[in-house]
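One structure below.
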Amino acid sequence: DAPRAESAADPRIVFVRSAEDNGIEIIIGASGKAAHLPGIMAGLTTLPVIGIPIKTSFEGGLDSLLSIVQMPSGVPVATVAVDGSQNAAILAAQILALKYPELKKKLEDQRKDVERVLADQKSQRDALAGKEAEQAKLLADTQGQEAAYQSLSSNRNSQINSLRAQQAAELATRA
């Protein structure tokens, strides 16, 4: 249940209004369905607010996403993917890295790790695709060999039947 502007005693309202005084530099808010909590937070502070739409039963969280991204001009809420808490944290760190250079180095290291993981996943997919292509070729070769065998077998059967017909004709002429 999101706080209303008139409920100033709500702990979430108190938190947002005192966030800057308490040394908080970015606020991350998650909300589902009506998802207006990040918007309310953005309306109560000039600190950057990142909204995380939570997955719901309606189109996998589309309602949450739309509620967060459709803020009026002048009240921005940076929004990540549905259930995108990891990206929200990374985005917050990227913003803070503008002020704190040590964060930039950690983000660069983290990005290299992500790139390595993605490269490994691509290599695994490529290897799997190569194996699947090899199996498909083997199957096609096997099917081709089977068709050739059936053709040879059919030709052989035709030749045998032709010989039998000739033999039958010869026997008939002798009799």
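Observations on the structure shown:
- Only Lys, Arg, Asp and Glu carry charge here, each on its Cβ (+1 for the first two, -1 for the last two); on that basis segment 15-65 has a dipole of about 160 debye about its Cα centre.
- About its Cα centre, the chain has a charge dipole of approximately 580 debye under the convention of +1 per Lys or Arg Cβ and -1 per Asp or Glu Cβ, with nothing else charged.
- Computed FRET value (nearest 0.05) for residue 156 with residue 122, which takes r as the C-beta separation and R₀ as 41 Å: 0.25
- The lysine pair count for segment 1-129, using Cα distances under 25 Å and pairs eight or more places apart or on different chains, is 5.
- Sites residue 141 and residue 95, calculated FRET efficiency, Cβ-Cβ separation with R0 41 Å, nearest 0.05: 0.10
- Take the Cα of residue 165, go 7 Å toward its beta carbon, and the backbone nitrogen atoms of segment 127-154 under 20 Å from that spot belong to 151-154.
- Local net charge near residue 66, Cβ-Cβ under 14 Å (Lys/Arg +1, Asp/Glu -1): 0
- Segment 41-175 - Rg (one decimal) and Dmax (whole number), Cα, Å: 35.2, 115
- The helix-only estimate of mean residue ellipticity at 222 nm for the chain, built from DSSP H runs of length n ≥ 4 each weighted as -39500 (n - 2.57), is -22500 deg cm²/dmol after division by the residue total.
- Whole-percent carbon and sulfur share, accessible surface of the chain, 1.4 Å: 56
- Sequence ranges 136-148, 35-47, 18-30, ranked by mean other-Cβ count within 10 angstrom, highest first: 35-47, 18-30, 136-148
The values are calculated or read from the model by the stated rules, or taken from the named source; none is laboratory data. From a predicted model like this one, the values you see are computed outputs, not experimental measurements. For neighbour counting, all protein chains shown are included, and Cβ atoms are generated from backbone atoms with ideal geometry for every residue, glycine included. The protein model used for the area step is the full one, side chains on, heavy atoms only, and it has no ligands, DNA or RNA in it. Shrake-Rupley method; radii C 1.70, N 1.55, O 1.52, S 1.80 Å.
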